[in-house]
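What follows draws every value from the coordinates through simple rules; no lab data is involved. Please read these numbers as outputs of a predicted model, since none were measured by experiment. Glycine also receives a Cβ, built like all others from the backbone with ideal geometry; neighbour counts cover every protein chain displayed.
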Amino acid sequence: MTHDAKSCMERPCKKGAKWTNMHIAPDEKIETFELDYDGKRDRWNGYDASTYAHVIERYEARDEARRKYLKEQQLKKLEEKNSKNDGEGEGGGGEDSDEDDDDDELKVDEAKVDESKQMDFAKVEKRVRTTGGGSTGTVRNLRIREDTAKYLLNLDVNSAYYDPKTRSMREDPLPDADPNEKFYEGDNQYRMSGQALEFKQLNIHAWEAFDKGQDIHMQAAPSQAELLFRNYKVIKEKLKSKTKDTIMEKYGNAATEEEIPMELLLGQSERQVEYDRAGRVIKGMETSLPKSKYEEDVFINNHTSVWGSWWKDHQWGYKCCKQTIRNSYCTGAAGIEAAEAATDLMKANIARKATSEDAPAPAEDKKLATWGTEVPEDLVLDEKLLTEALKKEDERRREEKDERKRKYNVRWNDKVTAEEMEAYRMKKVHHDDPMKDFLN
């Protein structure tokens, strides 16, 4: 009443019970349990410990029958020896040693029964394998009885083939399962991994070396074969590295180059992408732009462009606000207008000052130039400007010596005044001058 014939656990009858009115089984009781996580996975859930008493009774009955059989055999053997000794005793009697032996054989301790006979179920099965050459060998079946049998892992008839005679399954019965959850991947997995693969390679090396004339045999001298195989691997690795270094010295190594050509980075591919009129992708995937290991499109201090996106008058800056000061706050369009106004005002002041200068400064506080012989005689130098030029020349020489003091923006002044030229001449050391050591 509670299940169909397919899921019934009773022995099926030739004719149904509803037609014969015989062997009518009672309806089973279906119970529902609300189990927790551990209860669902408890392998002994619902097990009645009292049922194990039947197992104990069966084993005790077997042991009792074995002891009874051994006792009957001993009594039978004793009767045969007694009848034999009675026939020989009429002619003169036997020896004392024979009687002692018989007494020792009669004292059979039932507790000292052969353990191998009592533990027949725990013995490892042995199968004798005969090869074509006539030699035989013993193959042990060491499968753990708690593990699931190989042929029960996948019941599909088209899965990995299982040989019942040798109990072997070479292929993986569950090739699509997660490798981390599988405990058996076929017999070939044991043959092609671990020390089995190393032993196979060792045998192959011994065979090849023997064919080439070396006195090596894997079974006769295994230690020698393994030592030669280790030396062979070391020499092979050295030769491979030497060949690799020779090729790299001759042709170079493209993998170590810092800059990769853009033709390789943005090369063509065979991927086809179809777009509609609005620019949306219909078929295929858009090619993602390559990114470097550095941070891209990271803006700071309210800027909308990165540092170095603008260049003017030998200076780098930000394109969004046209500032040349790094890590400054973005001023936007207002900052651009203010900078342009300041530039226009400076140009106007320079033009007005140029027009207002009518005569040169008086030459009483100036002195003649001392550099070169082709300098005009009427050229005079300003003492104040010459002092400032000497200080600038010292600063420039210190910056040339220490690269850490160089600034981001280097401004080049193409217009050199007479005072700056005189300062450069005075600081310059003439190596051919015999009096150069007395300048200071």
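Summary table
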quantity: Integer Hz, Karplus 6.51/-1.76/1.60 couplings in order for the range 308-322, x for Gly and Pro; calculated: x, 8, 9, 9, 7, 6, 6, 9, 8, x, 9, 6, 5, 10, 6
quantity: Amide proton proximity set for Ser168, modelled H, under 5 Å, gap of 5+; calculated: Asp163
quantity: Per-residue ³J(HN,Hα) for the range 242-247, Karplus 6.51 cos²θ - 1.76 cosθ + 1.60, θ = phi - 60°, Hz, x for Gly and Pro; calculated: 5, 5, 5, 5, 5, 5
quantity: Burial ranking of peptide ranges 420-428, 69-77, 51-59 (average Cβ count within 10 Å, highest at the top); calculated: 420-428, 69-77, 51-59
quantity: Ordering of 21-28, 330-337 by burial proxy (mean other Cβ atoms within 10 Å per residue, highest first); calculated: 330-337, 21-28
